[in-house]
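Okay, so here's the structure we're looking at.
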Amino acid sequence: MELLPRSPGEFGSARYWDRFFRQRGQRPFEWYGAFPELCPVLHKYVRPRDKVLVVGCGNSELSEQMYDVGMCKDIVNIDISDAVIHQMQERSGSTRPKMSYLLMDMLQMDFPDAHFQVVLDKGTLDALLTDEEEATIAKVDQMFAEISRVLQLGGRYLCVSLAQAHVLKKAVEYFSQEGWVVRVHQVASSGDKQQFVLPVFVYVMTKFRKIPGSAPQILEICPEEQDKPMRMESVERLVAAVKDRQHYALLCSQISKTPCREQVSLDLCDKESGKPRYTLHVVDSPSVKPSRDNHFAIFIVPQGRETEWLFGTEEGRRQLAASAGFGRLLTVALHREQHYEGMAGIQAELSGKVMELAPPGLPARQQVPFLSVGGDIGVRTVRHCDSSPLSGEYVVEDVKGDGSCYFRRLIFLRNRNVVQSEARLLAPTPLPGQKKRRKDKKKPSPAEPPGAIDKSYLCCEHHKAMVAGLCLLGGPDALPGELAVLVVGLGGGSLPLFVHDYFSQACVAVVEIDPSMLEVATHWFGFSQGDRMQVHISDGLDYVAKLAAEGTISQSIPAQYDAIMFDVDSKDLTVGMSCPPPAFVEKPFLQKVKSILKPEGVFVLNLVCRDARLKESVLATLRDVFPLLYARHIEGEVNEILFCQPSPEGRRDAAELGARARALEGALRQPGRPWDSSYVLADMLQAVHIL
């Protein structure tokens, strides 16, 4: 039996609907939205004494169910199909005496003005607004004008819809411009198999007298899991919020039926502020053999550790899921702007939502475990928040790592998943008598404030490799004597501090474009200037160009350097290279860098480039300028450290590099000077290869 129309325009034809209902017979036809699902929303806006008009009623049971449960009795149903009106009159005439069915076109209604308190529309607007042709829009405008005319002030137009973007936008724009209050409810799903994957929405348009002038629009959305509406600042934002919920429903439907070939990520936002509260990643492991207890698990990433390789990269999460032994692992990262009530609170908050992302084949009433590292949610303390015109918003925060170690991190919020700078914190030194008093405690507080910066520890693997590259400097001695080092990019200051402290005769010049970073490094990362350490607030491009042009700026700044290190990030996130900015690797500028580097010196570049074609171009340019080029890829990261030398005569093989690295480390590890035992210079150069 063919019931579908030949064209969308037939949805507005009385002849089509007569044929539809004659062929379908007495069986009720519900486009979408069963009464149990709609009832909680309708109860908010339909009162027992209201006079209700249902437009385009069809043979839906909605009016009958509203009548039978006592929601309201005075209901008038209209439709353009004579066949369905006769059906419904026969079906309800004797049992529901206060409810009527009338043959009437909603575009030309016979009711007097302000006759109803509620107009209810279930799918009628969706059926009418099938396209955005001029004739269709004219019909919709006529429909809205008639609904507005027959509604009293304070009356509600309730429209049940699948909220296609053009339908929602048209309804919201029309009524908000008329001064009405617009609220969109997402209808809670019953959990049963639905005819439509997309969620159902109810637009609630409340009629107010139009105020002359530019009165503010009141636009709100009520997600299914909460009653409190969220205010939207524009029609576009409201449409986008609905679209987000539709995409989420499609995603849930898709991954509930088939395993994910690629990792899926999404944000769950705070109900009050609308800001991201949780970031979820769905990771499927096809290699895990399914059993009753290993279908699905939730892994809470401890606060502050979401940037680590295991949790912050696709490959790391894939490894985590495989080692956990679950077919589907849902990792949950916590956001720094939010407050959390421990593991139990997070579990209570997420239990319902995460089950929407469960894998196919999950047994009914299966207990889903919540996992974490050490069984807690970690510790994150924001020490400082600020913004600068160059770097944007940033935070300095202390986070707890493995065991009892704390780390201080600088994060640029424009790229919040990347740690800009990091330093390990020393355990606090107890005051006299303090240690004794603590013996009475069962264990120290997890949020106990850490101590000073551990300047002997380089947190970043690429910084370790950059320092190890100094063994490429010529000369017979393992530890070079007087060194002139130029570092472009300060960050928290860990790299120049380490060079300054461990190379006791090194004079270090640091160039930093953002004065805010010097303040951050000084106040929060233990950085300080002195006779052998100077910071110059300048654009690195301008500073190098001036050095190249003038030879010497002052007696304390040499014409040529033993080592030049670039560790500077790009502020332009649209380029496939986040470090350094593209201008720093253009040939004319690299030639200036070479001109201020001693013939036996080394230029060390931290390269972070995800664009393979752009990376090859950068390497080709470097090879054109520097005859000798070594590369060291940082395992588990995008970073690649490039060691560039002006003369090919300094070429060394892997064995010689290892020997020089071991000798340099031995010279640096002096008695009484702290040294991180995990930092082995030779290991950092093991994977170096010549390009």
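Nothing in this text is a laboratory measurement; each read-out follows from the coordinates by a stated rule. Since we're looking at a predicted model, the values are computed, not measured. As a convention, Cβ positions derive from the backbone with ideal geometry for all residues, glycine included, and neighbour counts pool all protein chains shown.
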request  = With a Förster radius of 30 Å, plug the Cβ-Cβ distance of Ser388 and Arg237 into 1/(1 + (r/R0)^6) and report the FRET value to the nearest 0.05.
outcome  = 0.60
ask   = What does the highest-first list of 360-370, 491-501, 231-241, 518-528 look like by mean Cβ count within 10 Å?
value = 491-501, 518-528, 231-241, 360-370
The chain, helix-only ellipticity at 222 nm - DSSP H runs n ≥ 4, -39,500 (n - 2.57), divided by all residues, nearest 500 = -9000 deg cm²/dmol
task = Normalising by the residue count of the chain, find the relative contact order in percent from Cα pairs under 8 Å and 6+ residues apart.
result = 6
remark   = On the formula 1/(1 + (r/R0)^6), with r taken between the Cβ atoms of Arg292 and Thr95 and R0 of 41 Å, the FRET efficiency rounded to 0.05 is 0.25
note = The helix 235-255 Cα axis meets the longest alpha-carbon principal axis of the chain at an angle in degrees, between 0 and 90 and rounded to 10, of 80
note = Note: Asp542 to Glu649 extended length (0.36 nm per residue) minus current alpha-carbon separation gives 35.5 nm
message = Placing one identical point scatterer on every Cα of segment 282-435 and ignoring solvent, what is log10 I(q)/I(0) from the Debye formula at q = 0.12 Å⁻¹?
response = -0.61
request  = Compute the FRET efficiency between Gln529 and Ser372 as 1/(1 + (r/R0)^6), taking r as their Cβ-Cβ distance and R0 = 30 Å, and round to the nearest 0.05.
outcome  = 0.10
request  = Work out the P(r) tail for the chain: percent of alpha carbon pairs separated by more than 40 Å, whole number.
outcome  = 51
request  = Describe numerically, in nm with one decimal, the distance between label points set 7 Å from Cα along Cα→Cβ at Ala549 and at Glu314.
outcome  = 4.5
inquiry  = Averaged across orientations, what area in nm² does the convex hull of the alpha carbons in segment 455-526 project?
reply    = 4.9
request  = Specify the angular offset, from 0 to 90 degrees and rounded to the nearest 10, of the alpha carbon long axis of helix 314-324 from the longest principal axis of the alpha carbons in the chain.
outcome  = 80
ask   = Roughly how tilted is helix 540-550, in degrees to the nearest 10 and between 0 and 90, from the longest Cα axis of the chain?
value = 30
query = In percent, how large is the relative contact order of segment 459-690, given Cα pairs closer than 8 Å and 6 or more residues apart?
reply = 22
request  = Obtain the nm distance between the two label points defined at Asp244 and Ser678 by a simple spin-label model: each point lies 7 Å from its Cα along the Cα-to-C-beta direction.
outcome  = 3.7
request  = Quote the charge dipole size of the chain about the Cα centre in Debye, to the nearest 20; the model charges only the Cβ of Lys and Arg (+1) and of Asp and Glu (-1).
outcome  = 1820
task = Under 1.5 on a/c is rounded, so check that first for segment 459-690, then, if it is not, pick prolate when a/b is larger than b/c and oblate when it is not; a ≥ b ≥ c are the square roots of the alpha carbon gyration tensor eigenvalues.
result = rounded
Coordinate range along principal axes, alpha carbons of segment 369-421, Å, largest first = 43, 23, 14
query = With point charges of +1 on the Cβ of Lys and Arg and -1 on the Cβ of Asp and Glu, referenced to the Cα centre of segment 279-326, which listed residue (Pro290, Ala324, Ile300) lies farthest in the positive direction of the dipole?
reply = Pro290
request  = Would you mind telling me the antiparallel percentage of the DSSP bridges in the chain, rounded to 5?
outcome  = 55
query = Translational D (Stokes-Einstein, µm²/s) of segment 260-371 at 20 °C and 1.002 mPa s when Rh comes from the Kirkwood sum over C-alpha pairs?
reply = 149
key: By average C-beta atoms within 10 angstrom, highest first, the peptides 659-670, 257-268   = 659-670, 257-268
inquiry  = I want to check the label-to-label distance for Ser516 and Ser273. Put each point 7 Å from Cα in the C-beta direction and report it in nm to one decimal.
reply    = 1.8
